[in-house]
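The next block holds one structure in the form of structure tokens; read it before the comments.
The values are calculated or read from the model by the stated rules, or taken from the named source; none is laboratory data. Predicted model, so just to flag it, every value in this text is computed and none were measured. Here Cβ is always computed from backbone atoms with ideal geometry, including for glycine, and neighbour counts include all displayed protein chains. To get the accessible areas, we keep the full protein, side chains included, count just its heavy atoms, and leave off ligands, DNA and RNA. Shrake-Rupley method; radii C 1.70, N 1.55, O 1.52, S 1.80 Å.
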Amino acid sequence: MKKKLFIILSLIVPLVSMSVQAQPSAAKQKLLKLKTYKTGGELLSSSYACIIDKDGTTLSAWTPFVGADSAVVTDASGRSYRVAKIIGANELYNIARFEVSGVPATLQIALAKSAPSASSSLWVMTDSPVKTTLLRTEKFMEKYNFYVLNTNSTLNADKTTYPDGSPVVTDKGELVGMYNNGVSVLSATDYNYGKELQPNAFSGKDPTLRQTSIRKALPNDYKSAQVALMMLADGRKSDFMDAARDFIKMFPKQNDGYSSLANSYLSDGNVAEADKLLQQAIANATDKGEAHYNYSRAIWQKVAMQPEPPYGDWTFDKAMTEADAAYKIDPQPAYDEMKAKIDYGKGNYQAAYDKFIGLTKTSLRNPELYLEAAQSKEHLNAPDAEILSLLDSAVAVCDTPYTSIAAPFFYARGNQYAKMGRYRDATFDLYRYELLSNSIQSVDFYYNREQMEMKARLYKYAIDDINRALLLDTKNAMLWCEKANVHMRVNQLDDALRSADEALKLDDSASAAYIIKGIVQCEKGNKTDGLANLEKAKTLGDTQADTFIKKYK
């Protein structure tokens, strides 16, 4: 009996061994676990993925990325790698293509070179691979295969263990497609379809890709990559900097990546890294003139706008040397304008003016040149009329209909009008500025415009502006005093009294509030309280109080 049992077992063991060997163990060793995370690091979703080339290009389902802020993949040995960027995705086929950082080429899965035939064995690869068979193959987009799998009770019953995006492989472990447990059928989408998932200039605005915060890859075309990099500037700074690094690797002879990354370093105060990048651009880029110009502009910005702490040989003279080098290589007006800006920064206002005004007669002619010329003239103590004429020219050459680009020129002219005592003109220009800016302005802006409106006797506008200022700073006693003053000027005495009281609640030493309250009370016939408030203002040192005390006694 024992002998028979041994014979039976000896027959069974090889069969079990053959079953284990039949599993695509090589594919399982290259299976990746995908985990996506929300902002803050909370786990969002888990699935599977596989690497399809030596560059770390990876395929999985798209759904795990919806709402994700970051993602990692983990290999069979437990090593994790960051998902660096999304290359493309399609919601209909629930497939995503992305790049993983630092992944070894040995993790690339073998790819099936031809489509499997009907009834072929296929495996849905997870931690517990499941064998199924191919029912039929359908075509989509005329060149890709859609593999319909036979019904499988295990796969049907457990979508969590066998999620969409799991690799589907042959008995040899070669990738056929990405698993999808549809409503009516089990299927796999041809891995070759991943080639369609390419980035473009507007990937950052794509409705599907915007469902994840993970950075979008740059397209391979230079012009498209330029646009994509520019659009990434509005997103996370770390993503933009990573994209700029990619740009440099992809287009090492172009200046865009170097200058973009250098500007990011400068905004962080890392001048040394910016300096290194800009010198690399001069060494590597094809357009040497632009490279020298970018270097000059970066130095000028640092010295003019953030002079402290100084850095090495970054001076206006160094900026001028680089601008001269750019102009010598390619005498563009923009490079000459850079030289004018540097002259202005050095205090050479006449030289700066001459360059700015000369450039208005070139193809560069734009409103900035007239504004810069006006600012130079102001430092040269030119007559107000001459400065205003230049600012009129700045507004005149703005494109119409006016856009936000024209806003700064109306602002500059408005302030010049105010300086000249033309307060109505000043007010109207500042309203144009606000309208074109399409944004809420600062407390100081509304207060200063209110002061102009008072001088122009535009009292209704003045009340509106002081109210706008108070909406932004309700705890400012000085603004409440000014509001009380405006109301008093237009004989809105009750409003003036309430505003003065609000000022005193915030600051009981606000002498202006006591004066306004005292005047209003006297005007309303309450001289006892009114004179008492005027006396209070006098004790606080307000010299105006005596005049009103004498008037109402």
Residue match in the stretch 395-402 (condition: assigned to a helix (DSSP H, G or I) and among the hydroxyl-bearing types (S, T, Y)): no
Restricting the stretch 317-331 to residues that are in a helix (DSSP H, G or I) and open to solvent by 40 Å² or more (accessible area, probe 1.4 Å), the residue that is farthest from A291 (Cα to Cα): D317
Y179 being open to solvent by 30 Å² or more (accessible area, probe 1.4 Å) and of a type in the set (F, W, Y): no
Filter pass, S203 being hydroxyl-bearing (S, T, Y), touching a strand residue (DSSP E or B) at 6+ places or on another chain (Cβ under 6 Å) and closer than 23 Å to L59 by Cβ: yes
Any hit, the stretch 226-241, residues being among the β-branched types (V, I, T), over 24 Å from Y144 (Cβ atoms) and surrounded by fewer than 22 Cβ atoms within 10 Å (Cβ to Cβ): yes
Breaking point among (1) in a loop (DSSP other than H, G, I, E, B); (2) within 30 Å of the chain's Cα centre (by Cα), for R457: (2)
Residues being under 14 Å from F98 (Cβ atoms), touching a Leu at 6+ places or on another chain (Cβ under 8 Å) and among the aliphatic types (A, V, I, L, M) - total across the stretch 207-246: 1
Residue check, I299 surrounded by 15 or more Cβ atoms within 10 Å (Cβ to Cβ) and over 27 Å from S70 (Cβ atoms): yes
Flag if R468 is of a type outside the set (F, W, Y), open to solvent by 40 Å² or more (accessible area, probe 1.4 Å) and over 19 Å from A510 (Cβ atoms): yes
Condition broken by A291, with the remaining ones in (1) surrounded by fewer than 18 Cβ atoms within 10 Å (Cβ to Cβ); (2) over 30 Å from K35 (Cβ atoms); (3) small (G, A, S) satisfied: (1)
Lone qualifier among A426, A418, A503 - being more than 37 Å from the chain's Cα centre (by Cα), in a helix (DSSP H, G or I) and of a type in the set (A, V, I, L, M): A503
Residue tally, condition in contact (Cβ under 8 Å) with a residue 24 or more places away in the chain, open to solvent by 30 Å² or more (accessible area, probe 1.4 Å) and out of contact with any Ser or Thr (no Cβ under 9 Å at 6 or more places or on another chain), over the stretch 41-91: 4
Only listed residue being out of contact with any strand residue (DSSP E or B) (no Cβ under 9 Å at 6 or more places or on another chain), open to solvent by less than 30 Å² (accessible area, probe 1.4 Å) and either within 22 Å of G421 (Cα to Cα) or in contact (Cβ under 8 Å) with a residue 24 or more places away in the chain (or both), chosen from A385, A334: A334
Entirely in the stretch 332-383, the helices (runs of 4 or more DSSP H) that have 2 or more residues that are within 32 Å of the chain's Cα centre (by Cα) and more than 13 Å from M320 (Cβ to Cβ): 333-346, 367-379
Filtered residues of the stretch 246-270 (kept if of a type in the set (F, W, Y) and not in a helix (DSSP H, G or I)): F251
Selected residue (criterion: most open to solvent (accessible area, probe 1.4 Å)) from residues of the stretch 207-225 that are among the basic types (K, R) and without any contact (Cβ under 8 Å) to a residue 40 or more places away in the chain: R210
Selection within the stretch 429-446 - closer than 20 Å to P401 by Cα and either buried (at least 17 other Cβ atoms within 10 Å of the Cβ) or β-branched (V, I, T) (or both): D429, L430, R432, Y433, E434, L436
Selection from the stretch 476-499 of residues that are part of a helix (DSSP H, G or I), within 18 Å of E450 (Cα to Cα) and more than 44 Å from the chain's Cα centre (by Cα): M488, R489, D495, A496
